[in-house]
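**Q** Here it is, the structure, as structure tokens.
The values are calculated or read from the model by the stated rules, or taken from the named source; none is laboratory data. Please read these numbers as outputs of a predicted model, since none were measured by experiment. In this analysis, Cβ positions are derived from the backbone assuming ideal geometry, glycine residues included, and neighbour counts consider all displayed protein chains. The protein model used for the area step is the full one, side chains on, heavy atoms only, and it has no ligands, DNA or RNA in it. Shrake-Rupley method; radii C 1.70, N 1.55, O 1.52, S 1.80 Å.
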Amino acid sequence: MSYHNPHTPPRKSATFDDATLAEIRRAAATGIYDIRGAGTKRKVPHFDDLLFLGASISRYPLEGYREKCDTTVTLGTRFAKKPITLKTPITIAGMSFGALSGNAKEALGRGATIAGTSTTTGDGGMTDEERGHSQTLVYQYLPSRYGMNPKDLRRADAIEIVVGQGAKPGGGGMLLGQKISDRVANMRNLPKGIDQRSACRHPDWTGPDDLEIKILELREITDWEKPIYIKVGGARPYYDTALAVKAGADVVVLDGMQGGTAATQDVFIENVGMPTLACIRPAVQALQDLGMHRKVQLIVSGGIRSGADVAKAMALGADAVAIGTAALVAIGDNDPKWEAEYQKLGTTAGAYDDWHEGKDPAGITTQDPELAARLDPVAAGRRLANYLKVMTLEAQTIARACGKNHLHNLEPEDLCALTMEAAAMAQVPLAGTSWYPGKAGF
Ligand SMILES: Cc1cc2nc3c(=O)[nH]c(=O)nc-3n(C[C@H](O)[C@H](O)[C@H](O)COP(=O)(O)O)c2cc1C
């Protein structure tokens, strides 16, 4: 006799859902963990869970066509002799040549330059394409030291010491052999075609005191001209920000768990780090506690997609933001026009994340010369510039509606939260109340 109720349809488990079952079978069949690019795919509290209040009788809005709303930002005002001034606070995040094709790096440089913002090198050194086409170029100093040399430090406009990334705080980089072409191998002093894993921590220091010495060394090499950023993954933002300030940073770059990567273990991307939304207030608190808010600038990244996201990050206290994934989409990543080829790779436009394999139909995350040639860096740069312009205008529109004549004048008071989680993380009131979790009473 069957005990199954014939009137109940078969039920699948929420714990063992189809994706989980498929991953168990894949792991069982191959014995290797899943590596992929992009950021977390799970839903975590994000900027979507916040809304702007706008102005009405109690607040006075600014007129869009006549009243100015400034979007400029100056980075590196603490110690650098030559701080950087950008027309928009939306910067392009560090993405390595190696992960990306030369044409993709050139497109990022072109787009950022038209928009009046900066772009950033990555784990793999500085290419001539990128230096040549980027008016303002930030040079990453990474645990791997790939492509690191004093000449390029001096050719940069700022230096970003990468301690960690939001997609993998505590983890190192990965570049699989299929993307290690002659040129990439040469720039990284690596054998061609062999999988490369870069270090998860810098060999030059073990803590903030040694980091301070390293920063002094970098300042000496560059004659105290360049702003020095420290990039951390969103893990313990209060203490990491405080220690970065202590070590002498001009700028702190804080990358939340939605932050993209070129290649890492899926288990890492999905299970390590804190959502971007949860990282900002503790970092700003650390800066305020040290009397350094707006003196040491804060750049926030991880899942920024629109002018609304930019404005929300700034209202929570950021000075600027950085975008990686969205910039790649703007230049042509995951474009449905390549759908037939995505299907051949077993995926679809919008879901393609095997960036480590080097088979990108859009010619962006590849070193294959034929695929890379598909990306026209001039046209792609123009698309990026358009996108940056739209985001800047969107952020400006919101700021004016909140009565602000500079994006930096946005503040937590301009926001409300849609969920308890977002209210607690962003420390802004739940919509319709003046309360957020952790704040006592009314
Ligand atoms: C293709 C790709 C390559 C990346 N390479 C680097 C890198 O070399 N160094 C680094 O610090 N971060 C790297 N990142 C992370 C970005 O700098 C940035 O933190 C992240 O993309 C921001 O999140 P978003 O993609 O949601 O905008 C990479 C990201 C992507 C998508």
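**Q** Would you mention how many residues in segment 249-281 are part of a strand (DSSP E or B) and touching a helix residue (DSSP H, G or I) at 6+ places or on another chain (Cβ under 7 Å)?
**A** Residues in segment 249-281 being part of a strand (DSSP E or B) and touching a helix residue (DSSP H, G or I) at 6+ places or on another chain (Cβ under 7 Å): 2 in total.
**Q** Could we say that Leu415 is over 30 Å from Gly111 (Cα atoms), in contact with a Phe, Trp or Tyr (Cβ under 8 Å, 6 or more places away or on another chain) and in contact (Cβ under 8 Å) with a residue 12 or more places away in the chain here?
**A** Taking the combined requirement at face value, the residue satisfies it.
**Q** Gly54 - would you say it is under 30 Å from His406 (Cα atoms) and either modelled with pLDDT of 95 or more or of a type in the set (A, V, I, L, M, F, W, C) (or both)?
**A** Answer is yes for this residue.
**Q** May I ask you to verify whether Arg59 is at pLDDT below 95, open to solvent by 60 Å² or more (accessible area, probe 1.4 Å) and not polar (S, T, N, Q)?
**A** yes
**Q** Oh, and also: For segment 127-140, give me the residue count where each residue is modelled with pLDDT under 95 and either within 14 Å of the ligand (Cβ to nearest atom) or not in a helix (DSSP H, G or I) (or both).
**A** 2
**Q** Now for a separate question. Count, please, the residues in segment 51-70 that happen to be under 26 Å from the mean Cα position of the chain (by Cα) and assigned to a loop (DSSP other than H, G, I, E, B).
**A** Number of matching residues: 1.
**Q** Output the number of the condition that Leu100 fails; it satisfies all remaining conditions of (1) more than 25 Å from the chain's Cα centre (by Cα); (2) farther than 25 Å from Glu413 by Cα; (3) aliphatic (A, V, I, L, M).
**A** Against the list (1) more than 25 Å from the chain's Cα centre (by Cα); (2) farther than 25 Å from Glu413 by Cα; (3) aliphatic (A, V, I, L, M), Leu100 comes up short only on (1).
**Q** OK, next. Sort through Val272, Val296, Val267 and tell me the only one that's open to solvent by 10 Å² or more (accessible area, probe 1.4 Å), touching a residue at least 12 places away in the same chain (Cβ under 8 Å) and away from the ligand (no atom under 15 Å from the Cβ).
**A** It is Val267.
**Q** For the subset of segment 302-321 comprising residues that are closer than 17 Å to Ala93 by Cβ and assigned to a loop (DSSP other than H, G, I, E, B), which member is farthest from the ligand (Cβ to nearest atom)?
**A** My answer is Asp319.
**Q** I would also like to ask the following. How many residues does segment 400-418 hold that are surrounded by 15 or more Cβ atoms within 10 Å (Cβ to Cβ) and farther than 17 Å from Cys279 by Cβ?
**A** The number of residues fulfilling the criteria is 12.
**Q** Hey, another quick one. In segment 335-347, which residues are farther than 21 Å from Gln258 by Cβ and open to solvent by less than 60 Å² (accessible area, probe 1.4 Å)?
**A** Residues satisfying the conditions are Asp335, Trp338, Glu339, Glu341, Tyr342.
**Q** Okay, moving on. Can you go through Gly302, Gly260 and tell me which one is touching a residue at least 24 places away in the same chain (Cβ under 8 Å), at positive phi and crowded, with 23+ Cβ neighbours inside 10 Å?
**A** Sole residue among the options that is touching a residue at least 24 places away in the same chain (Cβ under 8 Å), at positive phi and crowded, with 23+ Cβ neighbours inside 10 Å: Gly302.
**Q** For Ala112, all conditions in the list (1) of a type in the set (A, V, I, L, M, F, W, C); (2) within 14 Å of the ligand (Cβ to nearest atom); (3) over 18 Å from the mean Cα position of the chain (by Cα) hold save one; what is the number of the exception?
**A** Looking at each condition in turn, Ala112 falls short on (3).
**Q** When both residues are 6+ apart or on different chains and their Cβ atoms are under 8 Å apart, which pairs have a first residue that lies in segment 120-138 and is open to solvent by 10 Å² or more (accessible area, probe 1.4 Å), and a second that is in a helix (DSSP H, G or I) and within 13 Å of the ligand (Cβ to nearest atom)?
**A** These pairs meet every condition: Glu129/Lys105.
**Q** Additional query: Name the residue, out of Thr264, Thr347, that is of a type in the set (Ser, Thr, Tyr) and farther than 24 Å from Lys105 by Cα.
**A** Criteria check complete, one pass: Thr347.
**Q** Can you tell me which condition Ser434 does not meet? The list is (1) open to solvent by 40 Å² or more (accessible area, probe 1.4 Å); (2) modelled with pLDDT of 95 or more; (3) out of contact with any strand residue (DSSP E or B) (no Cβ under 6 Å at 6 or more places or on another chain), and all the others hold.
**A** All conditions pass for Ser434, except number (2).
**Q** Inspect all residues belonging to segment 153-164 and state whether any of them is exposed (fewer than 15 other Cβ atoms within 10 Å of the Cβ) and either free of Cβ contacts under 8 Å to residues at least 12 places away in the same chain or within 15 Å of the ligand (Cβ to nearest atom) (or both).
**A** Checked against the condition, which is being exposed (fewer than 15 other Cβ atoms within 10 Å of the Cβ) and either free of Cβ contacts under 8 Å to residues at least 12 places away in the same chain or within 15 Å of the ligand (Cβ to nearest atom) (or both), segment 153-164 yields no hits at all.
**Q** Restricting the search to segment 206-240, which residues are assigned to a loop (DSSP other than H, G, I, E, B) and among the β-branched types (Val, Ile, Thr)?
**A** Thr206, Thr222
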